[in-house]
Amino acid sequence: VKDEEKGTVAKEYVIAKDGVAVIVNPSSKVEDLTIEQIKKIYTGEIKNWKEVGGEDAPIVVVSREEGSGTRGAFTEITKVMQKDAAGKEVDGTTKDALVQGSTGAVMQTVATTPDTIGYVSLGSLSDSVKAVKVEGVSPSSETVLSGEYKISRPFLYVAGGELSEAAQMYIDFVMSKDGQAIVEENGFIPIS
């Protein structure tokens, strides 16, 4: 929930968490990146892997499409999303990025294209790509829940006022053992 939206929200219910894993082609020598390096790669300021400890090769940036929740969280946390002179938020993702319409397409592109970097929801991560550490921390359910892994987001239900009895029952179910099992089955991190 953005700050400007908070006035209309009476209560937020965090129902799950998700990490956004930064991934590279399996042949990459890069193991760890800082948030600042990730920002500079995605804004096009860093263009070669040798600038971040990799081989001398141009970086191929892979991104999700505009409007993607994963892209929104990623660009906000890494500060790729910035305010322009008028104070409007602008996505600074390099125009050279290969834009993909799904997590599967990002995974496929990074897995099969040398010198690529991308990002995917932690629950979608597979052995076909290599997840890099961010600020020395590997992405995992544990590091997302502890707050150590910095590129993560909550999944929320929001209410504009008092909940009806049925809505409260639904929230109670989602937060129950059975509801949280469904969260986990769908690749997200249960919080209770």
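The values are calculated or read from the model by the stated rules, or taken from the named source; none is laboratory data. These figures come from a predicted structure and were not determined experimentally. Don't worry about glycine lacking a Cβ; one is built from the backbone with ideal geometry, like all the others, and counts go over all protein chains shown. Quick note on the areas: whole protein, heavy atoms, side chains included, nothing else; ligands and nucleic acids left out. Shrake-Rupley method; radii C 1.70, N 1.55, O 1.52, S 1.80 Å.
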**Fill in**
Using alpha carbon positions and the Kirkwood radius, the Rg to Rh ratio of the chain is 1.01
**Percent carbon-and-sulfur accessible area, the chain, ignoring ligands, DNA and RNA, probe 1.4 Å** = 50 percent
**Complete:** In nm, the gap between the two label points placed 7 Å beyond Cα toward Cβ at MET169 and ASP91 is 4.0 nm
**Request:** Apply 1/(1 + (r/R0)^6) to the Cβ-Cβ distance of GLN108 and ILE191, taking R0 = 30 Å, and write down the FRET efficiency to the nearest 0.05.
**Result:** 0.50
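Pairs LYS40/LYS88; LYS79/LYS177; LYS2/LYS88; LYS40/LYS83: which are spaced more than 24 Å apart, C-alpha to C-alpha? Before the final figure, lay out each step's value.
Numbers: LYS40/LYS88 20 Å; LYS79/LYS177 35 Å; LYS2/LYS88 13 Å; LYS40/LYS83 16 Å.
In this structure, LYS79/LYS177 lie more than 24 Å apart at Cα.
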**Message:** With a 1.4 Å probe and all protein chains left in place, how much accessible area per residue does the chain have, in Å²?
**Reply:** 54 Å²
**Request:** State, as an integer percentage, the relative contact order of the chain based on alpha-carbon contacts under 8 Å between residues 6 or more apart.
**Result:** 37 percent
**Item:** Those aspartates and glutamates that a straight Cα-Cα span of less than 18 Å connects to LYS133, excepting residues fewer than 8 apart in one chain
**Value:** ASP18, GLU31, ASP32, GLU36, GLU51, GLU55, ASP115, GLU142, GLU148
**Request:** Quick one: check the C-alpha center-to-center distance for segment 22-73 versus segment 111-144, whole angstrom.
**Result:** 11 Å
**Request:** Work out from phi, with θ = phi - 60° and the Karplus expression 6.51 cos²θ - 1.76 cosθ + 1.60, the ³J(HN,Hα) of each residue of segment 142-156, listed in order in whole Hz, and give x for Gly and Pro.
**Result:** 5, 6, 5, 5, 6, x, 5, 7, 7, 9, 9, 9, x, 9, 10
**Fill in**
Sorted by chain and then number, the residues having a modelled amide H within less than 5 Å of the amide H of SER63, at least 5 places away or on another chain, are LEU98, VAL99, GLN100
**Listed residues LEU156, LEU122, LEU33, LEU98 arranged by accessible area, highest first, probe 1.4 Å** = LEU98, LEU156, LEU122, LEU33
